[in-house]
Amino acid sequence: MRTNVSFRLRVIALATTLLLNPLVAFGKRNTDVVVMNNGDRLTGEIKKLENGILYVETNYFSGSIGLDWLQVERVQSTGNYQITLKDGSRVEGTITRAKSALEGADFVIHADSGDRFAASSDIIEIHPQKRSFWSQVTGDVDLGYSFTSGNKQTSFNFGTTANYLSTKYFGSTSFTSNVSGQSGGNQTNLAEAQMLDGVFITRNSIVIGLADLLHSSQQDIKLRATFGGGYGHYFIHSNHQNLLWTSGVAYTNEEFESTEGTAAQSAEAFLGAQYQLFHFDRYSLHAQTLFYPGLTDAPRFRLTTNLGFSIKIAGRFHTKVQFLDNFDSHPPFNTKRNEFGISNSLGWTF
């Protein structure tokens, strides 16, 4: 009888341990080692290197710790990663950072094709090589609201972005919505969804596909659908800034509220630029502009601008100020040429 009781107690104790310690239950890797320049040593799991910050998750901190990559002296990990280098190369393998016999090459990628040596300052991104597509998606969600009692004016804005990157493909999707109005007055709203996907053909060159859907009550646009394709090239790709330019041709179909049932179609060229600036764990700047000169309806041209500045608050939370502008030099049916707005929101990064 005592033997059965003792056995049951051991089973309960083991089950409780597994439930309370997910690292044991799920076999989570906890053997990666990071040593800082000042001698501090961390043991845990390397999550990623992004925007000059190395994220490490340990047993004794809640969430991931962000480390300045330039202050890291040594790294050792058994996990498989996807590594992006400054020259545009994308390599898969395990990683080690330590002093090497090769001058200026303190980072080693152990790939199937053999070891590759590089300077740690040339390592732009490190991401775990995961099985599922969704586990490799990163992005953010932003939400803002304001109310003025004097004229009972309200404003609501929502935005989200999602990004995917592999050794051959990349994808970026964004959605923005702004609604404002006041008691006894008209309500204005804007909604835009944009998708930019690409395939790397060289280290820094890509073939891209572009899709943009816009609804704007101020410009009387029921739906403007733009689809295009072209070429892009990274002029700058580092731990602190990126600069990508794109060019190509697009087809646009427009429907307007005041002329329901009538659509305007046109062929356009496009020329664009995307710029990102990062400062270690403090702020980031994202700017995008797209210029659409008309081909079938020249001299008409369109210009869209999106500028966002984010400041980190704590953990994965940030506050963002965003500027949006849509300009049309010769809008059909004499609708409004320009709409712009500034918003402030609270956001979360995933």
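The values are calculated or read from the model by the stated rules, or taken from the named source; none is laboratory data. The shown structure was predicted, so the numbers you read here are calculated from the model rather than taken from an experiment. Cβ placement follows ideal geometry from the backbone for every residue including glycine, while neighbour counts extend to all protein chains displayed.
Data table
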read-out: Residue match in the stretch 325-348 (condition: of a type in the set (V, I, T), farther than 18 Å from L285 by Cα and surrounded by fewer than 18 Cβ atoms within 10 Å (Cβ to Cβ)); value: yes
read-out: Members of the stretch 48-106 found to be among the aromatic types (F, W, Y) and touching a residue at least 24 places away in the same chain (Cβ under 8 Å), listed by number; value: W69, Y81
read-out: Answer from F309, F333 - the residue that is in contact with a strand residue (DSSP E or B) (Cβ under 6 Å, 6 or more places away or on another chain) and not in a strand (DSSP E or B); value: F333
read-out: Scan of the stretch 106-151 for residues that are under 30 Å from V179 (Cα atoms), at pLDDT 85 or above and under 22 Å from the mean Cα position of the chain (by Cα), ordered by number; value: G139, D140, V141, D142, L143, G144
read-out: The stretch 268-292 residues that are modelled with pLDDT of 95 or more, paired with ones that are basic (K, R) (beta carbon under 7 Å, 6 or more apart); value: Y292/R302
read-out: Matching option when the condition is under 21 Å from V137 (Cα atoms) and at pLDDT below 85, among E57, E92, E50, E45; value: E50
read-out: Residues within the stretch 57-79 that are surrounded by fewer than 17 Cβ atoms within 10 Å (Cβ to Cβ) and either small (G, A, S) or touching a Pro at 6+ places or on another chain (Cβ under 7 Å) (or both), tallied; value: 3
read-out: Of residues in the stretch 225-240 being over 16 Å from Q194 (Cα atoms) and polar (S, T, N, Q), the one surrounded by the most Cβ atoms within 10 Å (Cβ to Cβ); value: N239
read-out: Qualifying residue in the stretch 241-256 (condition: part of a loop (DSSP other than H, G, I, E, B), surrounded by fewer than 17 Cβ atoms within 10 Å (Cβ to Cβ) and assigned by TED's automatic domain parsing to the domain that holds N344); value: no
read-out: The stretch 35-53, subset charged (D, E, K, R) and part of a strand (DSSP E or B), residue farthest from the chain's Cα centre (by Cα); value: R41
read-out: Enumeration of residues in the stretch 308-324 that are of a type in the set (S, T, N, Q) and buried (at least 17 other Cβ atoms within 10 Å of the Cβ); value: S310, Q322
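Residue-wise test of (1) closer than 23 Å to V141 by Cα; (2) surrounded by 16 or more Cβ atoms within 10 Å (Cβ to Cβ); (3) of a type in the set (V, I, T).
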| residue | (1), (2), (3) |
| --- | --- |
| T173 | yes, yes, yes |
| S177 | yes, no, no |
| A191 | yes, yes, no |
| M195 | yes, yes, no |
| S205 | no, no, no |
| L214 | yes, yes, no |
| S217 | no, yes, no |
| L223 | no, no, no |
